[in-house]
Amino acid sequence: MHPIIERAEAGFDVCGIKLTATVMVGENLERHEFLLLTSASTLRGSVKAGRNSLPVSQLNVRPIQLQPKLPGPTGFWLAAAGQGKAMRTQTTQSDEPGYLTGAVPLPAAIEQLEHFVAGKKMQFGIEYAADQPQYAISFSDKLPLPARTDLLACLQGQLETMREKHTDMLQQ
């Protein structure tokens with residue numbers, strides 16, 4: 001897990017997190033990953049998510065050739081453990097096979113990023129039509145203090161940038 005931070009001339013523009021969870025499923029190593037971003041310039045949140053796998057017998061083969069799960073995912077959700085309602089993605093097709101991209105409301109994306117800063121136990125699911133039943137991955141991990149500080153500063157700076165650039169929209 002690590003933060004994503006992009007500055008623009010006007011201040012912080014993109015804040016986010018990239019998370020990778022690796023689990024053993026039978027004889028395969030599966031890697032579930034997602035990217036959650038907020039953008040001050042577009043006033044939107046966005047997600048990219050997918051799953052790939054590697055047979056354990058191929059771990060020593062270089063370069064490592066992870067195989068994306070195809071067809072790609074049909075949905076993605078994220079929530080703090082114990083939170084009643086998950087943030088869901090309005091899914092669009094990704095240019096990358098085996099992944100989905102999608103939009104999420106900016107307030108929901110900011111709330112989830114704040115959960116990461118606070119070190120809350122989180123849950124997520126990358127949904128596939130062929131997976132029945134669907135399953136969730138639950139994890140508890142804290143970003144290192146410098147990364148938490150950087151992500152929090154980005155979120156605060158992003159809000160300031162939005163207030164300055166979009167005052168008319170925020171007052172409605």
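The values are calculated or read from the model by the stated rules, or taken from the named source; none is laboratory data. All values reported here derive from a predicted model rather than from experimental measurement. As a convention, Cβ positions derive from the backbone with ideal geometry for all residues, glycine included, and neighbour counts pool all protein chains shown. Heavy atoms of the whole protein, side chains included, go into the accessibility calculation; ligands, DNA and RNA do not. Shrake-Rupley method; radii C 1.70, N 1.55, O 1.52, S 1.80 Å.
For residues in segment 146-172 being of a type in the set (A, V, I, L, M) and modelled with pLDDT of 90 or more, which is farthest from PRO107 (Cα to Cα)?
Looking at residues that are of a type in the set (A, V, I, L, M) and modelled with pLDDT of 90 or more, I get ALA147.
State whether the residues of segment 29-48 include one that is among the polar types (S, T, N, Q), surrounded by 16 or more Cβ atoms within 10 Å (Cβ to Cβ) and over 23 Å from LEU152 (Cα atoms).
no
For segment 9-19, enumerate the residues that are open to solvent by 50 Å² or more (accessible area, probe 1.4 Å) and in a strand (DSSP E or B).
LYS18
Here are the criteria: (1) in contact (Cβ under 8 Å) with a residue 12 or more places away in the chain; (2) open to solvent by 40 Å² or more (accessible area, probe 1.4 Å); (3) β-branched (Val, Ile, Thr). Tell me which single one THR89 does not satisfy.
Among (1) in contact (Cβ under 8 Å) with a residue 12 or more places away in the chain; (2) open to solvent by 40 Å² or more (accessible area, probe 1.4 Å); (3) β-branched (Val, Ile, Thr), the lone unmet condition for THR89 is (2).
Considering only segment 60-73, I want to know if a residue exists there that is modelled with pLDDT of 90 or more and β-branched (Val, Ile, Thr).
No: segment 60-73 contains no residue that is modelled with pLDDT of 90 or more and β-branched (Val, Ile, Thr).
Could you grab me the full set of residues in segment 20-45 that are in contact (Cβ under 8 Å) with a residue 40 or more places away in the chain, aliphatic (A, V, I, L, M) and in a strand (DSSP E or B)?
Of everything in segment 20-45, those that are in contact (Cβ under 8 Å) with a residue 40 or more places away in the chain, aliphatic (A, V, I, L, M) and in a strand (DSSP E or B) turn out to be ALA21, VAL23, LEU36, LEU37.
Any idea which of GLY102, GLY84, GLY72 is surrounded by fewer than 17 Cβ atoms within 10 Å (Cβ to Cβ) and either over 15 Å from the mean Cα position of the chain (by Cα) or closer than 16 Å to ARG44 by Cβ (or both)?
Every option except GLY84 fails the conditions.
Against the conditions (1) open to solvent by 30 Å² or more (accessible area, probe 1.4 Å); (2) over 30 Å from CYS154 (Cα atoms); (3) out of contact with any Ser or Thr (no Cβ under 9 Å at 6 or more places or on another chain), where does GLN67 fall short? Just the number, please.
Only one criterion in (1) open to solvent by 30 Å² or more (accessible area, probe 1.4 Å); (2) over 30 Å from CYS154 (Cα atoms); (3) out of contact with any Ser or Thr (no Cβ under 9 Å at 6 or more places or on another chain) is unmet by GLN67, namely (3).
Just to verify a result, which residue in segment 105-129, among those that are touching a residue at least 40 places away in the same chain (Cβ under 8 Å) and part of a loop (DSSP other than H, G, I, E, B), is surrounded by the most Cβ atoms within 10 Å (Cβ to Cβ)?
Here the residue is TYR128.
Just to be sure I understand the filter: pairs with C-beta atoms under 6 Å, separated by 6 or more residues or on different chains, first member in segment 141-161 and crowded, with 17+ Cβ neighbours inside 10 Å, second member among the hydrophobic types (A, V, I, L, M, F, W, C) and modelled with pLDDT under 90. Which pairs pass?
CYS154/PHE12; GLY157/PHE12; GLN158/PHE12; GLN158/ALA40; THR161/ALA10; THR161/PHE12; THR161/ALA40
Residues of segment 46-99 being over 16 Å from HIS32 (Cα atoms) and part of a strand (DSSP E or B), which ones?
The answer is SER46, ALA80, MET87, ARG88, GLN90, THR91, THR92, GLN93.
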